[in-house]
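Each remark here refers to the structure printed beneath this line.
The values are calculated or read from the model by the stated rules, or taken from the named source; none is laboratory data. In this text, all values refer to a predicted model and were calculated from it rather than measured experimentally. In this analysis, Cβ positions are derived from the backbone assuming ideal geometry, glycine residues included, and neighbour counts consider all displayed protein chains.
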């Protein structure tokens, strides 16, 4: 295999991954090569990349730039496609795999597509508001505040007459209102209970009035 930098060398494939020094000329040469028939594979489609200063554009944004130029989408080798999850399960001969991630669109969605239980950790990209409103494909099996809670007993929401309760918090669906009736609405327990209420509701999230303190 020979690595080249120019479309003039007629590469057989374009492998697009993230690097902080990727420039316009690299994206342009990738686009030219793809238009000339090169196969296109992206390592991942993460839209953002957490940095000390805040969120920065991730590989997904660079892939989108090339997509705009060539009018086609790449084969994604990494998350959220199931192949990478299935390869990991096979490699470790895992019988009860559990995938841990901080973003719903790739980590949790990918685990769900592969049929693996998932843990969403709220110390990275995805927010409380996102997990409350996510569609079925992106819903995590478990929600943790941080990795420090991973080896602790997990308090799962339990159904009540009008909603769900989790530890010292209770959330009910009153009409179309998702309301915290007990406990601190900003607590992780309230978030878990609220997710259970919303996920079990026949009304889509856009038809529900969710108490703002749950996600602000």
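Of note, residue 76 does not satisfy the criterion of being at pLDDT 95 or above and in contact with a strand residue (DSSP E or B) (Cβ under 7 Å, 6 or more places away or on another chain). Restricting 202, 165 to those that are more than 23 Å from the chain's Cα centre (by Cα) and in a loop (DSSP other than H, G, I, E, B) reduces the list to 202.
Taking the criterion of being crowded, with 16+ Cβ neighbours inside 10 Å and more than 20 Å from residue 131 (Cβ to Cβ), would at least one residue in region 90-102 satisfy it?
Yes, there is a match, as at least one residue in region 90-102 is crowded, with 16+ Cβ neighbours inside 10 Å and more than 20 Å from residue 131 (Cβ to Cβ).
Looking at this structure, is residue 14 surrounded by 15 or more Cβ atoms within 10 Å (Cβ to Cβ) and under 24 Å from residue 109 (Cβ atoms)? Lay out the reasoning, then the answer.
Details: surrounded by 15 or more Cβ atoms within 10 Å (Cβ to Cβ): yes; under 24 Å from residue 109 (Cβ atoms): no.
It is false that residue 14 is surrounded by 15 or more Cβ atoms within 10 Å (Cβ to Cβ) and under 24 Å from residue 109 (Cβ atoms).
Go through the residues of region 141-157 one by one and say whether even a single one is more than 24 Å from residue 85 (Cβ to Cβ), surrounded by 23 or more Cβ atoms within 10 Å (Cβ to Cβ) and in contact (Cβ under 8 Å) with a residue 24 or more places away in the chain. Yes; the residues of region 141-157 include at least one that is more than 24 Å from residue 85 (Cβ to Cβ), surrounded by 23 or more Cβ atoms within 10 Å (Cβ to Cβ) and in contact (Cβ under 8 Å) with a residue 24 or more places away in the chain. Residues in region 68-88 that are buried (at least 16 other Cβ atoms within 10 Å of the Cβ) and farther than 20 Å from residue 103 by Cβ: 70 alone.
Given the structure, is residue 48 surrounded by 15 or more Cβ atoms within 10 Å (Cβ to Cβ), free of Cβ contacts under 8 Å to residues at least 40 places away in the same chain and not assigned by TED's automatic domain parsing to the domain that holds residue 115?
Working: surrounded by 15 or more Cβ atoms within 10 Å (Cβ to Cβ): yes; free of Cβ contacts under 8 Å to residues at least 40 places away in the same chain: no; not assigned by TED's automatic domain parsing to the domain that holds residue 115: yes.
For residue 48, the condition - surrounded by 15 or more Cβ atoms within 10 Å (Cβ to Cβ), free of Cβ contacts under 8 Å to residues at least 40 places away in the same chain and not assigned by TED's automatic domain parsing to the domain that holds residue 115 - is not met.
Residues that are outside any loop (DSSP other than H, G, I, E, B) and free of Cβ contacts under 8 Å to residues at least 12 places away in the same chain do occur in region 68-78.
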